[in-house]
1. Which shape class, rounded, prolate or oblate, goes with segment 30-74 when its Cα gyration tensor gives a ≥ b ≥ c as root eigenvalues, a/c under 1.5 marks rounded, and past that a/b bigger than b/c marks prolate?
2. Report ³J(HN,Hα) in whole Hz for each residue of segment 75-84, in order, from the Karplus equation J = 6.51 cos²θ - 1.76 cosθ + 1.60 where θ = phi - 60°; Gly and Pro get x.
3. Taking the Cα centre of segment 21-85 as the origin, how large is its charge dipole in debye, to the nearest 20, when only Lys and Arg (+1) and Asp and Glu (-1) carry charge on their Cβ atoms?
4. Any aspartates and glutamates with Cα under 13 Å of the K31 Cα? List them, leaving off those in the same chain fewer than 8 positions away.
5. With unit charges on the beta carbon (Lys/Arg positive, Asp/Glu negative), name the residue among A45, C21, W81 whose Cα is farthest towards the positive pole of the charge dipole of the chain.
6. Please list the three semi-axes, largest first and in whole Å, of the ellipsoid equivalent to the chain, using sqrt of 5 times the eigenvalues of its alpha carbon gyration tensor.
Amino acid sequence: MNSLPSLFLNDTIVTEIEAFCASDPEFMRTKQEFYKITYQIETLASPDLYDAFEKGLWAYLYRTADLYYLYGLGLRQDILWAMSK
């Protein structure tokens, strides 16, 4: 897969990422299980409550991923700075 054009043709990258994820059997099993559990929770609680939970969860997970990435960038910067001494 030549990913360089994907950097510039953003309308195709989503399709490529989805195809890449779909090619992973573990991802597909996890996705199916997630949607099964999602339906169960939504049925037991309410669609509105589940929607609020899911929005909060994704906001938390996205922010956590951002902070892990920023922390990693900081570590790399510290390592490069220490190596330049």
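1. Details: a/c = 6.32, a/b = 2.21, b/c = 2.86.
Since a/c reaches 1.5 but b/c is at least a/b, the shape of segment 30-74 is classed as oblate.
2. Couplings: 4, 4, 5, 5, 5, 4, 5, 5, 6, 7 Hz.
3. 320 debye
4. Excluding near neighbours in sequence, the set is E18.
5. W81
6. 34, 22, 13
Values quoted throughout were computed directly from the atomic coordinates according to the rules given, and no laboratory measurement underlies them. Just so you know, these numbers come straight off a predicted model, no measurement behind them. Positions of Cβ are generated from backbone atoms using ideal geometry, with glycine treated the same way; all protein chains shown enter the neighbour counts.
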